[in-house]
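Here the structure is laid out as structure tokens; the discussion comes afterwards.
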Amino acid sequence: MLDLSQIQVLHEDNHLIAVNKPAGWLVQGDRTGDVPLSEFVKAYIKLRYKKPGDVFLGVIHRLDRPVSGAVIFARTSKGLERMNKLFQERKVEKEYWAVTAQRPSPIEGHLKHYLIKDKERNVTKAYDFKSNRAKNAKEATLDYKLLATIGEHSLLQVNPITGRPHQIRVQLSRIGCPIRGDIKYGFRRRNQDATIHLHCKSMSFIHPVKKEKVIIKANIPDEQVWRTFKDLE
């Protein structure tokens, strides 16, 4: 029996459901065999609506396992198809918070890099320019700004424009601001629980069926470093 008390539902309607993913959880099952967030959400829907048989749940997008924050799933095939289109057309506005040990210079700006994903090593490389060695690279862009610095930690707001694998992690690392705990992209030490301090704070879009504005907000984790910035929420 899954412990559904671990699920924090942020938005729910006939076509979509959004939850606040804890850091360290998979969104969708993989070869590890660990129970993913999607199975918890299916169990929640089945119990709440007393649904017999299998529950439909479409995975629209993902967050990396060590990342926390808002994740949207589709409850209908219509919702899945139309939300996929919104993401593909970049009509979903996303805001992330990231904690780094370095203050970015300048303290706000626009980043553009060209990314190549090494699937075998599960790592992304970023290049400043498209060249022969990066001819298959995909453009990645984001905006960032420094929100606060408290002690040795700086809090950045990041608004990705594209949605490439590991994009925020590698682009912040590229400007000398690796995310706290992210040893894959240059932070000096890992967090004890193997998470990183990157959180999907909010997403907004026009509902693909109801045609109403939807704003989904996810509270930051109740964890020591994140609590340092709690007053900024």
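The table below gives the values:
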item: Where a label projected 7 Å from the Cα of residue 86 along Cα→Cβ would reach, residues of segment 1-17 with amide N under 20 Å; result: 8-17
item: Alpha-carbon Rg/Rh ratio, for the chain, with Rh computed the Kirkwood way; result: 0.97
item: Stretch gain in nm, segment residue 34-residue 9, where the contour uses 0.36 nm per residue and the Cα spacing is subtracted; result: 6.9 nm
item: Segment 130-147 and segment 54-74: distance between their alpha carbon centers, rounded to Å; result: 25
item: Charge dipole (the chain, unit charges on Cβ, about Cα centre) - positive-most of 45, 114, 159; result: 114
item: Segment 117-232: C-alpha gyration tensor shape, a/c 1.5 cut-off, then a/b vs b/c; result: oblate
item: The chain: angle of helix 77-88 to the longest principal axis, Cα-based, in degrees nearest 10; result: 10
item: Integer Hz, Karplus 6.51/-1.76/1.60 couplings in order for segment 207-224, x for Gly and Pro; result: 4, x, 10, 7, 6, 10, 5, 10, 10, 10, 10, 10, 5, 5, x, 7, 9, 3
item: Prolate/oblate/rounded label for segment 11-79 (Cα gyration tensor, a/c 1.5); result: prolate
item: For the chain, calculated [θ]222 nm from helices alone, where every DSSP H run of n ≥ 4 adds -39500 (n - 2.57); result: -4500 deg cm²/dmol
item: Table column - 3J(HN,Hα) (Hz), segment 187-197, Karplus curve with 6.51, -1.76, 1.60, x for Gly and Pro; result: 6, 6, 8, 7, 6, 4, 9, 6, 8, 10, 8
item: Sequence-distant residues sharing a close amide H with residue 62 (under 5 Å, placed H); result: none
item: Derived scalar couplings ³J(HN,Hα) [segment 173-183; Karplus, 6.51 cos²θ - 1.76 cosθ + 1.60; whole Hz; x for Gly, Pro]; result: 4, 4, 9, x, 10, x, 6, 4, x, 8, 5
item: Tilt relative to the chain, helix 37-48 - C-alpha long axis, 0 to 90 degrees, to 10; result: 30
item: Distant-in-sequence amide H partners of residue 16 (H built 1.01 Å from N, under 5 Å); result: 75
item: Within segment 115-151, backbone nitrogen closer than 20 Å to the virtual label 7 Å beyond the Cα of residue 108 toward Cβ; result: 141-150
item: Under 11 Å, Cβ to Cβ, from residue 117 - net charge with Lys/Arg +1 and Asp/Glu -1; result: +3
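A short reminder: the numbers here are calculations on the coordinates, not readings from a lab. It should be emphasised that the depicted structure is a prediction, and the values quoted were computed from it without experimental measurement. When we count neighbours, we look across all protein chains shown, and the Cβ atoms used for this are built from the backbone with ideal geometry, even at glycine.
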